[in-house]
Amino acid sequence: MAYIGLDINNEPEAMKVLQTHDLAIIALGPMDKYGAKAHRLCLKAKLDVVDINDSLKAADEILALHDEAKQSGCRIFTGMGFAPGLSTLLLTKLAREHASVSGDYCCRLYMGAAYGGGETSPYAVLASFNKTLEVFTKGRRTTVKTPWKDESESFHFPAQAKPLALIPFSSPEVAGLASDRCPSDLEISSFDTRYHIQYLSQGFARLLAHFNLGESALDFFAKKFFSGGQSMKAKKDADPDTCLWVYPANAPEQGLMVHGIISSYDLTALMACAVTDIWLEGGLVAYQGVFATEHLSLELHSKLQDKLAQRGISIRRARPEVFKQADTHFGWADTPVLSVEQLRNYGKNWYNFDKAHPKMALLQKRFLLNSGIWSSLKQSLSPLKFLNFVFTTMSRWRSHNKQLVAYRQSHDLVKHACWKAITKDISMFTSGYSRARDILGAEKSFEQYRVMFLDTGKMEMRWLWPKPEIFSTFAKPEQAIIDYWLSFMSNYSDLGLFDFSVQTQTANKIHCTISNCAYAKMFSQLDCAELANLVREMEQEALSFICSQAQINIDWQAKGNGDAQVRLEITGSSAVMEAEQAIAC
């Protein structure tokens, strides 16, 4: 693939390039500045267009090209990004289901700061700071005073400790929904759109909204925003999560969501790719003119959802039980990659992983404080005795850690740091558990500690390993899962935590053995042998989870003392089975 420079301000030279192509994907910015300039060039060159426009001002210009595009026999699909685009897909799905009797819907966006942002994205953010907004309400487009402080000024996003202040903005969907070309089956009366970006306060947005920034001031603040974003993404608590939530007004639990460890930029690109996939298959030939997502048919919306799912992005109901099953804390969307080796934490484990999720420590604390064993201890002990329990547990932790010095000293310098962390964790487990056992008794303490350990481990593994959806993006998803799991187990084995061997391996079957578990030995040495199999239980659940959308049969036989025999069998190809199901339907 060769890079070709294109200057849209040099029309003769730009036309020479454009006329040699069939499709242009317009991702330039800021769109407030460029408007429909690139689109007009593409129409003149007889090209089809997919754009990711996020500007209402530009949307008006682009939609105004409908008749010209239609006469030219060209297709322009505009606003095919994160919001609008993906957000509109959720909105129209809810509207066609008549999820809101009144036709009133809301869109809430959360974007973590871990990705920093591009050079032009600050312009879109700054453009959203206004004293007034153009909104779609009561079935028409109108201008209102920006509702900074109303009953919807904050929203509680998943995995956030508290509701976050929101910044209202004029969505490009206003133009499309107000158009007379919007399908009659979309009974949408109003659409309230607001967002929260980590580290960007509503107060600062309100302050800038009071000023009518000129071009030089806009450039100044945009550069400041960009440089600030690049530095903030390195902060310890910079969040890698993105959440899109569209719902009937006052009923978030009846809405639809996309949530995960993925950037809004990736979601924008994936939506544009989904449209392009359909274009490449000839699925858009019936369209001529300019179309936003809300102007497309139900059939095409279904195809877009299918294409997004093939790239690992699925839309979920926000009902509590569905949301919890999909993973409340880290969502279900992951950034697609080209190879298994590029997946998050490939070939790594809990002691050499990539940067931890910034919410991890807080979640670990929350799981402890909400656990049954913590509650039992609080109920069994007076405040003074509970304080004594804490101090004696800390003392025992130091004592247990000293007893494991041989494990730290038996490894070279490269592994020493890992083993320092391993023995610290094990002694923490045994000190807390054994002190609880002293107070609650062996049976009750083990039962409640096991539940807490496995619940916390399940949460942690949901971040450490990629989501099941992302494996479906590979040509051979089952083999990708097995490859990922083998790399994890082999890495643990190389660290010396256990012996891992593959007895037999064929094209669709593998038989492995886990033995000589160091965890089990340390638990036994510290008089907590009953904890020896908990880590294996945690790993078994995690393997079952990443296999949950694949055709893999798991036979996991725990042998005690942390040993296990694991047989994996590929019972069918996901891709083949999906094709067969489609044909059958």
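Some values worked out for this structure:
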quantity	calculated
Ordering of 152-159, 430-437 by burial proxy (mean other Cβ atoms within 10 Å per residue, highest first)	430-437, 152-159
About the Cα centre, charge dipole magnitude for the chain (Lys/Arg +1, Asp/Glu -1 at Cβ), debye	2100 debye
Fraction of accessible area attributable to carbon and sulfur, the stretch 1-72 (%, probe 1.4 Å)	50 percent
Residue-normalised accessible area of the chain, expressed per residue, 1.4 Å probe, Å²	46 Å²
Kirkwood Rh (inverse of mean 1/r, distinct Cα pairs), the stretch 285-434, angstrom	20.8 Å
Sequence ranges 319-329, 82-92, ranked by mean other-Cβ count within 10 angstrom, highest first	82-92, 319-329
Heavy-atom accessible surface of the stretch 96-230: percent carbon and sulfur, 1.4 Å	53 percent
Whole-Å distance, taken between Cα centres, linking the stretch 270-344 and the stretch 498-513	36 Å
Kirkwood hydrodynamic radius over Cα pairs of the stretch 218-368, then Stokes diffusion coefficient at 25 °C and 0.890 mPa s, in µm²/s	133 µm²/s
Overall form of the stretch 357-474 per C-alpha gyration tensor (a/c, 1.5; a/b vs b/c)	oblate
Under 13 Å, Cβ to Cβ, from Met31 - net charge with Lys/Arg +1 and Asp/Glu -1	-2
Virtual spin-label span in nm between Gln230 and Ser493, 7 Å along Cα→Cβ	4.4 nm
Helix-derived mean residue ellipticity, 222 nm - over the chain, DSSP H n ≥ 4, -39500 (n - 2.57), to 500	-14500 deg cm²/dmol
From the C-alpha gyration tensor of the chain, square roots of 5λ in Å	49, 29, 22
Compactness relative to 2.2 N^0.38 Å, alpha carbon Rg of the stretch 1-155	1.21
Linear extension gain, Lys33 paired with Lys509, 0.36 nm per residue minus alpha-carbon span	165.6 nm
Label-point separation in nm, His98 to Asp180, each point 7 Å along Cα→Cβ	2.7 nm
Estimated inter-spin distance, Asn553 and Gln525, nm [label 7 Å along Cα→Cβ]	4.1 nm
Burial ranking of peptide ranges 33-42, 377-386 (average Cβ count within 10 Å, highest at the top)	33-42, 377-386
Cβ-derived FRET efficiency at R0 22 Å, Val502 paired with Gln409, nearest 0.05	0.15
Unsatisfied cross-links (Cα-Cα over 18 Å) in the set Lys70/Lys303; Lys233/Lys355; Lys93/Lys145	Lys70/Lys303; Lys93/Lys145
Solution diffusion estimate, µm²/s, Stokes-Einstein, the stretch 466-556, Kirkwood Rh from C-alpha pairs, 20 °C, viscosity 1.002 mPa s	149 µm²/s
Extension gain, Gln71 back to Arg317 (0.36 nm per residue minus Cα-Cα distance, nm)	84.5 nm
Semi-axis lengths, Å, the stretch 142-202, gyration tensor of Cα atoms, sqrt of 5 times eigenvalues	27, 14, 10
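The values are calculated or read from the model by the stated rules, or taken from the named source; none is laboratory data. The structure presented is a predicted model; accordingly, all values stated were derived computationally and were not measured. Cβ sites come from the backbone with ideal geometry, for glycine too, and all protein chains shown count toward neighbours. All accessible areas refer to the heavy atoms of the entire protein, side chains included, with ligands and DNA or RNA removed. Shrake-Rupley method; radii C 1.70, N 1.55, O 1.52, S 1.80 Å.
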